[in-house]
1. Count, please, the residues in the range 42-57 that happen to be closer than 20 Å to F2 by Cα and either of a type in the set (V, I, T) or at pLDDT below 90 (or both).
2. Looking only at the range 177-221, which residues are surrounded by fewer than 19 Cβ atoms within 10 Å (Cβ to Cβ) and within 26 Å of P152 (Cβ to Cβ)?
3. Would you mind stating whether Q25 is under 18 Å from I72 (Cβ atoms), in the same structural domain as G76 (by TED's automatic domain parsing), polar (S, T, N, Q) and in a helix (DSSP H, G or I)?
4. Can you tell me which residues in the range 58-108 are at pLDDT 90 or above, over 30 Å from G198 (Cβ atoms) and in a strand (DSSP E or B)?
5. Which one of the conditions (1) in contact with a Pro (Cβ under 9 Å, 6 or more places away or on another chain); (2) surrounded by fewer than 20 Cβ atoms within 10 Å (Cβ to Cβ) does T170 fail to meet, given that it meets all the rest?
6. Mind listing just one residue for me: the one in the range 240-278 that is in a helix (DSSP H, G or I) and not hydrophobic (A, V, I, L, M, F, W, C) and, of those, surrounded by the fewest Cβ atoms within 10 Å (Cβ to Cβ)?
7. Given the criterion within 30 Å of D190 (Cβ to Cβ) and either modelled with pLDDT under 85 or not hydroxyl-bearing (S, T, Y) (or both), identify the matching residue among V275, V257.
Amino acid sequence: MFNYRQLHYFQAVAKSGGIARAAEQLHLTPQTLSGQIGQLEDRLGVELFRRAGRRLELTEAGRLALSYADEIFQVGGELEEALRNWHAERPFLFRVGIADVVPKSIAYRLLAPALALPEQVRMVCREDKLERLLAELAVHRLDMVVADSPMPPGMDVKGYSHRLGECGTTFLAAPALAATLEGEFPQLLDRAPLLIPGEDSALRAPLLRWLHAANIHPRLVGEFDDGALMKAFGQAGAGVFALPSAIAAEVAAQYGVVAVGTTEAVRERFFLITVERRISHPAARVVTEAARSGLFTAGVPLSA
């Protein structure tokens with residue numbers, strides 16, 4: 001078994017730069033300390049120090065050993081602290097993956113109820129592509145994933161998609177741009193500049209199909225993977241943009257844009273994906289219940 005006492009002695013000598021100073025700090029004789037370091041080098045089969053005048057310098061192997069020693073003793077300190085505080089009140093960890101196409105406002109409104117639980121909660125949010133988040137979920141590095149689509153078929157991941165809710169789609173524009181749009185909705189979108197979500201968004205395909213079926217041909221002036229960036233372009237008047245009706249009023253107020261129309265024909269859906277058929281995590285349960293009873297149950301005012 002590895003001798004961690006000798007490793008501690010090695011770390012002390014490496015940090016202090018000499019046997020005598022480290023021996024004084026450790027309340028050992030220099031001879032004892034030198035002998036322990038020698039035994040460690042013999043056991044490892046490498047030299048950890050070389051002489052540089054009156055000082056000791058780390059060899060390349062010594063520098064590698066010191067990096068590991070620092071990490072080992074840091075983890076040991078964390079373990080000791082965790083065990084000493086074992087009976088203290090500790091927040092339970094709630095690890096959530098959020099698909100990067102889910103609007104930030106939707107993600108916040110879905111997850112906020114978890115922070116209101118009587119138990120102290122520490123939420124850890126990871127944003128990434130859905131496939132990578134599902135891989136993290138499969139190895140239990142995440143408790144759940146929030147997405148705008150159910151788990152894709154054919155993935156080598158065991159998981160269950162729980163529908164949180166759905167809503168229609170609202171189109172918004174900067175007031176100056178909205179004033180130039182002629183006719184009734186949705187015909188006013190014809191030949192209008194339009195900003196659309198990127199290819200990973202579940203809203204993109206049904207939105208384009210709906211426009212095509214209605215014989216509406218806007219000018220596609222921008223595609224955005226980042227919803228916040230799309231809103232910023234929309235705020236600047238670059239084009240009309242679409243988003244879930246559930247957050248239309250909030251976005252209109254925040255970005256100073258106005259709603260030019262809404263459709264229930266283009267639905268945006270949101271899902272909670274877990275490795276459990278029945279949701280047991282208390283924070284995941286409250287997220288599900290709040291979404292189904294609040295966020296998606298009633299219409300949201302569309303005008304700013």
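The values are calculated or read from the model by the stated rules, or taken from the named source; none is laboratory data. Note that the coordinates shown come from a computational prediction; the quantities given were computed from them, not determined experimentally. Note: ideal-geometry Cβ built from the backbone for every residue, glycine included; neighbour counts use all protein chains shown.
1. Count: 1.
2. Within the range 177-221, G198, E199, D200, R204, A205, P206, L208, R209, W210, H212, A213, L220 meet the criteria.
3. No.
4. Across the range 58-108, the qualifying residue is only L58.
5. The one condition T170 does not meet is (2).
6. Q254
7. V257
Per-residue answers, yes or no, for (1) in a loop (DSSP other than H, G, I, E, B); (2) of a type in the set (V, I, T); (3) at pLDDT 95 or above:
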| residue | (1), (2), (3) |
| --- | --- |
| F185 | yes, no, yes |
| L188 | no, no, yes |
| R191 | yes, no, yes |
| I196 | no, yes, yes |
| A202 | yes, no, no |
| L207 | no, no, yes |
| W210 | no, no, yes |
| H217 | yes, no, yes |
| V221 | no, yes, yes |
